[in-house]
1. Report, by residue number, each residue of segment 141-162 that is of a type in the set (G, A, S) and either within 16 Å of the ligand (Cβ to nearest atom) or modelled with pLDDT under 95 (or both).
2. Taking the criterion of being without any contact (Cβ under 8 Å) to a residue 60 or more places away in the chain and more than 16 Å from the ligand (Cβ to nearest atom), would at least one residue in segment 126-133 satisfy it?
3. Look at segment 15-49 and say how many of its residues are under 20 Å from A59 (Cα atoms) and in a helix (DSSP H, G or I).
4. Determine which member of the set S194, S207 is within 20 Å of D125 (Cα to Cα) and in contact with a His (Cβ under 6 Å, 6 or more places away or on another chain).
5. Kindly check whether there is at least one residue in segment 81-99 that is basic (K, R), away from the ligand (no atom under 16 Å from the Cβ) and under 24 Å from A202 (Cβ atoms).
6. Report yes if some residue within segment 169-191 is closer than 27 Å to Q64 by Cβ and not in a loop (DSSP other than H, G, I, E, B); otherwise report no.
7. Among the candidates V91, V83, V58, single out the residue that is in contact with a Cys (Cβ under 9 Å, 6 or more places away or on another chain) and either modelled with pLDDT under 95 or buried (at least 21 other Cβ atoms within 10 Å of the Cβ) (or both).
8. Kindly indicate whether V234 is among the β-branched types (V, I, T) and farther than 30 Å from N11 by Cα.
Amino acid sequence: MTDRRTELAENLARVEDRISTACAKAGRNRDDVTLIVVTKTYPASDVRILSELGIRHVAENRDQDAAPKAAACSDLPLTWHFVGQLQTNKVRSVASYADIVQSVDRVKLVTALSKEAVRAGRELDCLIQVALDAESGERGDRGGVGPDGVAALADAVAAADGLRLGGLMTVAPLAGQYAGRPRAAFDRLTEIASGLRAGHPAAKMVSAGMSSDLEDAVAAGATHVRVGTAVLGVRPRLG
Ligand SMILES: *Cc1c(COP(=O)(O)O)cnc(C)c1O
């Protein structure tokens, strides 16, 4: 266990260094970028160590794994992000522990999240997941709404009881015009985000960048990076 603690501390220090360096290069304050550690597939004991090491934001992508983990860690001062594709039948559970849902990509999900947030007496921050590989009116392979669907969905979140519009999220696409070009993808996300803020000034979060491309995200102006592998190690497949 102490070995795991040392390993996580060293990995975190390396990631912290990468974020600081990227911020310095971009002329940004380190405080303007929040590190979210994606703990999917790793046990609650790792989440506990991360909390002891000062991490305040963690993310999960599957309700089946996240719900028991969040329950086991409910004594910790953590903000829980949900970043996975979300089925409406999981919304009641997710709304009970998640503080921020980053993968909002359809009106049906907004309706369900609103209902369950109100029922639980909670306020959920929602990010619209943008699929930069989706054609007009489509959803992306890994979830997300195409850029032309963002405005309507954002309005729906902003109007829904129990929900707050936090901003936008994306995953660098594997296909389409942005495949292999994370910087260009994240620049596009930032551009869509500034358009969104014209109508929703409080929607300031821009969540982009993972272990392999967090520098691109920081350079493009992301406010939140989501890092799994670089902190916790390579996941067994099915992460
Ligand atoms: C798993 C995951 C991450 C973290 O990916 P790594 O490459 O392990 O850093 C970030 N965002 C989402 C949506 C994920 O599912």
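The values are calculated or read from the model by the stated rules, or taken from the named source; none is laboratory data. Given the structure is predicted, the values throughout are model-derived calculations rather than measurements. Cβ sites come from the backbone with ideal geometry, for glycine too, and all protein chains shown count toward neighbours.
1. Looking only at segment 141-162, we keep the residues that are of a type in the set (G, A, S), and these are 143-144, 146, 149, 151-152, 154, 156, 158-160, 162.
Within segment 141-162, G143, G144 meet the criteria.
2. No, segment 126-133 contains no residue that is without any contact (Cβ under 8 Å) to a residue 60 or more places away in the chain and more than 16 Å from the ligand (Cβ to nearest atom).
3. Residues in segment 15-49 being under 20 Å from A59 (Cα atoms) and in a helix (DSSP H, G or I): 12 in total.
4. Numbers: S194 fails: in contact with a His (Cβ under 6 Å, 6 or more places away or on another chain).
From the options S194, S207, the qualifying one is S207.
5. Initially, segment 81-99 is screened for residues basic (K, R), giving 90, 92.
Keeping just the survivors that are away from the ligand (no atom under 16 Å from the Cβ) gives 92.
Filter once more, so that each one left must be under 24 Å from A202 (Cβ atoms): none.
No, segment 81-99 has no match at all.
6. As a first pass, look at segment 169-191 and keep what is closer than 27 Å to Q64 by Cβ: 169-174.
This time we only want the ones that are not in a loop (DSSP other than H, G, I, E, B), so: 169.
Checking segment 169-191: at least one residue is closer than 27 Å to Q64 by Cβ and not in a loop (DSSP other than H, G, I, E, B).
7. On the way: V91 fails: in contact with a Cys (Cβ under 9 Å, 6 or more places away or on another chain); V83 fails: in contact with a Cys (Cβ under 9 Å, 6 or more places away or on another chain).
Of the residues listed, the single one that is in contact with a Cys (Cβ under 9 Å, 6 or more places away or on another chain) and either modelled with pLDDT under 95 or buried (at least 21 other Cβ atoms within 10 Å of the Cβ) (or both) is V58.
8. Answer is no for this residue.
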